[in-house]
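Report on the structure given below.
A short reminder: the numbers here are calculations on the coordinates, not readings from a lab. The model shown is predicted, which means the values in this text are computed figures rather than measured ones. For neighbour counting, all protein chains shown are included, and Cβ atoms are generated from backbone atoms with ideal geometry for every residue, glycine included.
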Amino acid sequence: MTASRALVRLGTRGSTLALAQATIVGAALEQVGVGNEIVVIETDGDRRAPDTAWGEGAFVTAIERALVENRVDAAIHSAKDVPTDEDPRLRIAAYLAREEPRDALVLPAGSDGSIDTMPPGTVIGTDSPRRTGFLRAHRADLEIRPLHGNVDTRLRRLDEGAVGALVLAAAGLIRLARADRISQLLPIEIVPPAPGQGAIAVQVRAADGALGELLGRIDDRATRLSVEAERAFLRAGGGGCRAPIGALATLDGGHLQLLGGFATVDGRSAGFEAISGSERDGLALALTLAERLTARRARLPGAPRVLITRPAAEGPRLAARLAEHGLSGVIVPTIEIEPVDELELAEAVRRLEDFDWVVVTSANGARAVGSVTAPLAISSSTARWAAVGRASARELIALGVRDVWLPSESNAAALAEQLPVAAGQQILWARGDLADDTLIERLHQRGAEVRAITVYRTRVAPPASRRLLAEAIADGPIDVVLLASPSAAKGLLALTDGADHASVLAAPAICVGPRTTAAARSAGFHVIGETTTQDASALAELAAELLASRGANGQGAGILT
């Protein structure tokens, strides 16, 4: 698409609110002389039943995919819905001037009242863990019930008596000309808004500099500074777009004030802090505020203790997600990553022209590639690059890769099935020592030739973790152990002896994948749950559900997801 010769295609959901927001963007572009048309894209969130919860990115991923695949030129999102783990191939070219950022209490038509005057036991409908946690923290005597669907659906359910009140984003009601339904704008000290709430984000391909500059004409500087500070706070706190974390930044001249808050979903704990400084220091202010609140959140009194066995770099994110559910993460890495002899990889990278594709299936693999080559060699190569997961892609882009192909799901199986490879093409795979050969076998079946090079190895039971585990056990009982691989289970037991060994095996385990479950059971663990995903949010949610179930009935629920 050349902006001077064609209309800019704006990708959006087809809901009434999404179309209203796309229309706002289109009108703003028309005012600066940029013609445009709206292209409706169905998302995962749109395909789910009205009363079904959605996860992070449910309304964003399909539109981002259309943008990457050049089916649209720009994507329109509610800024609060954009995942903190942004696709590195994309960037936000503009934030429109922000609408009212606060949440609104909505009562049945003709009713009056506020969050503090509602009778005990009033049922409030919301689809948000953030609103749920803060509302419960403020009014434990209210009943918070999941209620999903678009704005019109929820308003109808309210007026039919399904719930006694709603909490919705005020901006959505205003943009739909339903501001008359706002009974109260909730104080940010009670329910802080989602980071980015009230702002519309216009996303483009990172490599499309000319279009990004063109759409940047409608960027509102104050909104960008505020939203970027809020999102930096959320990201530093380990939260995603559906985390029970709220933030609001306000600008006054060159002064920025940032309020942040956290809650546990059960409302048992909540905390607020504020910080202020120069608008130029928004990122630093966000990081400082996140550190303060993260420290408070980690000291939840009486919180069940969850042993995290992931490598050191991955533990804090999972601990942050556990804290959202009122759980205390105890990080004891039972494996660590170390490089191997780089000669074979260096030789292969020097001959990138011999390969049609270079594949990395982890951020560790991408970093290993970067350790043996210069950005110039990568950027001038004709080989295409593929990665599993945004973290891996981000590492490759930092190395100078212009375009990274990603599968629809963040696993090697999806890459093996979806990689647009032709028979006879040559593939270089930078792998870890524990990766199985399924990727090779499937690509061979599709007619490709694969050269697999082991670029890092997994070291079991790092010595430094022995002291960490002993200290963790001395601090009190472990309520559950999270095991993400057979090596994690092996490494955990290798770090123990005597009484510590018995203490570890006394804790029930949640495992990722059937291979890990089999290894854990063989080692003597009592497995109470299994999940197929490494996603930190899903693991934290499962841990909370299983621990709550054990507390209720005294035994493991055996939930599988």
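Side notes on the structure shown:
- In the chain, helices alone account for a calculated mean residue ellipticity at 222 nm of -10500 deg cm²/dmol, with every DSSP H run of four or more residues adding -39,500 (n - 2.57).
- Of the labelled figures [x] 1.10; [y] 1.39; [z] 1.02, only one reflects Cα Rg over 2.2 N^0.38 Å as derived from the coordinates, namely [z].
- Extension gain for the segment residue 222 to residue 32, taken as residue separation times 0.36 nm less the Cα-Cα distance, is 66.5 nm to one decimal.
- Residue 446-residue 296 FRET efficiency (beta carbon distance; Förster radius 56 Å; 0.05 resolution): 0.60
- Distance in nm between pseudo-label sites at residue 459 and residue 70 (7 Å out along the Cβ direction from Cα): 4.6
- Inverse mean reciprocal Cα-Cα distance (Kirkwood Rh) of region 119-228, Å: 16.2
- Residue among 505, 492, 14 farthest towards the positive dipole end of the chain, charges placed on Cβ: 505
- Extended-chain gain in nm, criterion 0.36 nm per residue less alpha-carbon gap, residue 436 and residue 494: 18.6 nm
- Once the chain from residue 145 to residue 162 is taken as fully extended at 0.36 nm per residue, the excess over their C-alpha distance is 5.1 nm.
- FRET efficiency estimate (nearest 0.05) - Cβ-Cβ, residue 207 to residue 422, R0 22 angstrom: 0.40
- Rounded to the nearest 20, the Cβ-based charge dipole of region 103-185 about its Cα centre (Lys and Arg +1, Asp and Glu -1) stands at 260 debye.
- Cα lying deepest toward the dipole's positive end in the chain, options 165, 396, 223, charges on Cβ: 165
- For trypsin sites (Lys or Arg not before Pro), the sites in region 443-535 that DSSP calls loop and that have at most 14 other Cβ atoms within 10 Å are 446.
- The chain, dipole about Cα centre (Lys/Arg Cβ +1, Asp/Glu Cβ -1), debye to the nearest 20: 260
- Kyte-Doolittle mean at least -0.5 and Cα axial length at least 24 Å: DSSP H helices in the chain: 536-553
- Extreme residue, positive dipole direction of the chain, given options 444, 329, 84 (C-beta unit charges): 329
- Evaluating kT/(6 pi eta Rh) at 20 °C and 1.002 mPa s, with the Kirkwood radius of region 221-297 over Cα pairs in the Stokes-Einstein relation, gives 175 µm² s⁻¹.
- Entry note, the chain: relative contact order of 11 percent, from Cα contacts under 8 Å with a spacing of 6+ residues.
- Distance between the 7 Å Cα→Cβ label points at residue 411 and residue 109: 4.7 nm.
- Rel. contact order, % - alpha carbon contacts under 8 angstrom, at least six apart, region 386-477: 22
- Based on the Kirkwood approach, the hydrodynamic radius assigned to region 173-329 is 17.2 Å, with every pair of different Cα atoms included.
- Rounded to the nearest 20, the Cβ-based charge dipole of region 221-297 about its Cα centre (Lys and Arg +1, Asp and Glu -1) stands at 220 debye.
- Residue list for region 380-398, given a label point 7 angstrom along the Cα-to-Cβ vector of residue 353 and an amide N cut-off under 20 Å: 380-385
- Of the trypsin sites (Lys or Arg not before Pro) in region 384-413, those whose Cβ has at most 16 other Cβ within 10 Å and which sit in DSSP loop: 402
- Using C-alpha pairs under 8 Å with a sequence gap of at least 6, the mean separation divided by the residue count of region 103-185 gives a relative contact order of 49 percent.
- Extending 7 Å from Cα along the Cβ direction at residue 471 and again at residue 502 yields two label points whose distance is 2.5 nm.
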